[in-house]
Amino acid sequence: METQVEAVKYTPEKAKQNALAKLDLIRKWQEFRRKAVNKLQADYDFVKLHNSSDSYLFNVLGKISRGSLHRWKAV
């Protein structure tokens, strides 16, 4: 018996918005990290800044953690 996976024909707008927000956040994080000497402290500082802001990215993604950043970067 063969099983076929149907191709996704439609990607919800919310999923696209979420993916693009994650990409933007990862790029900002990498730029922030590049300027820092202590990368671990830079990660914590970036997360604290993001979680205390009222930016568009915060409104889309909500609170994040350091682990989230590393997981999203790995994908």
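The values are calculated or read from the model by the stated rules, or taken from the named source; none is laboratory data. The shown structure was predicted, so the numbers you read here are calculated from the model rather than taken from an experiment. Using ideal geometry, Cβ is built from the backbone for each residue, glycine included, and neighbour counts are taken over all protein chains shown. Please note that ligands, DNA and RNA were not included when accessible areas were found on the heavy atoms of the full protein model with its side chains. Shrake-Rupley method; radii C 1.70, N 1.55, O 1.52, S 1.80 Å.
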(request) Obtain the nm distance between the two label points defined at residue 14 and residue 49 by a simple spin-label model: each point lies 7 Å from its Cα along the Cα-to-C-beta direction. (result) 3.0 nm
(message) Suppose only helical runs count, i.e. DSSP H with n ≥ 4. What mean residue ellipticity at 222 nm does that imply for the chain under -39500 (n - 2.57) per run, divided by all residues and rounded to the nearest 500 deg cm²/dmol?
(response) -21000 deg cm²/dmol
(request) For the chain, set up a Gaussian network in which alpha carbons nearer than 10 Å are linked by springs, and say which option among 37, 47, 60 fluctuates the most. (result) 37
(request) Rounded to whole Hz and in sequence order, give me ³J(HN,Hα) for the range 11-19 from the Karplus expression 6.51 cos²θ - 1.76 cosθ + 1.60, θ = phi - 60°, writing x for Gly and Pro. (result) 10, x, 4, 4, 5, 5, 4, 5, 5
(message) Given a 1.4 angstrom probe, I'd like the percentage of the accessible area of the chain that is carbon and sulfur, rounded to a whole number.
(response) 54 percent
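What is the calculated FRET efficiency for residue 59 to residue 37, with r their C-beta to C-beta distance and R₀ = 22 Å, to the nearest 0.05? It would help to have the intermediate numbers written out before the result.
Numbers: r = 31 Å, r/R0 = 1.42.
Once rounded, the FRET efficiency stands at 0.10.
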(message) Positive end of the dipole of the chain, charges at C-beta (+1 Lys, Arg; -1 Asp, Glu), about the Cα centre: which of 46, 25, 59 has its Cα farthest in that direction?
(response) 46
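For the chain, give the magnitude of the charge dipole about the Cα centre (Cβ charges: +1 Lys/Arg, -1 Asp/Glu; no others), in debye to the nearest 20.
Working: 15 positive and 8 negative charges, 75 e Å.
Roughly 360 debye, rounded to the nearest 20.
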